[in-house]
Structures are given as structure tokens and as C-alpha cells.
1. Does residue 72 satisfy the criteria of being loosely packed, with under 12 Cβ neighbours inside 10 Å, at pLDDT 85 or above, touching a strand residue (DSSP E or B) at 6+ places or on another chain (Cβ under 7 Å) and under 30 Å from residue 4 (Cβ atoms)?
2. Kindly provide the set of residues from segment 39-72 that are touching a helix residue (DSSP H, G or I) at 6+ places or on another chain (Cβ under 6 Å) and farther than 15 Å from residue 20 by Cα, ordered by number.
3. Look through segment 34-52, keep the residues that are without any contact (Cβ under 8 Å) to a residue 12 or more places away in the chain and surrounded by 10 or more Cβ atoms within 10 Å (Cβ to Cβ), and return whichever of them is nearest to residue 15 (Cα to Cα).
């Protein structure tokens, strides 16, 4: 899409969010409190693997979307932007 629509002035990029603290993840955390070992273990492993050692906030994704929508990224096209606190790089 970036190749096809770039010549028409469109920039096509993709945001790839990591673990984001939302109402959905809060519900999963509530389930973990009911002693579901696989969910608890998954959460512990995620936090241990993420260099920032925390979940992201929705506004952290929104800020990157704002940058991509602005002229600050006027030469960015066809990019996958990972916003995951370093999870994939760890």
C-alpha cells in the first residue's frame, strides 16, 4: 500500500503496540487474581522481558500516532513502528 499510494501523497505506516494497560487487560488482571497460574505466569514473564518493566498506556500509542499523522514524519512511509517498551528487542 505504501508503494502504491505514496505516489498519490499518502503515507502508509503501521503501529505495532505491545502490552497496553486498557480495560481489557485490567479484566485479564482480575482473572489472574483468581489464581489462574497460566495468566499470572504470562504477566510475570512479560514484565520480566520488557526493558521498561511495565505495561504501556493508551496515550503512549496515541502520541506515536500523532507523530505519524504530523509533518514530523513527512518522509516516513511503509514503516512498522513498534511501541512496546522494548519487548521485541529484549
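The values are calculated or read from the model by the stated rules, or taken from the named source; none is laboratory data. Owing to the predicted nature of the structure, the values given are computational and were not obtained by experimental measurement. Note that we place each Cβ from the backbone using ideal geometry, even for glycine, and neighbour counts take in every protein chain shown.
1. No.
2. Matches in segment 39-72: 39, 40, 67.
3. Applying the filter and picking the extreme gives 47.
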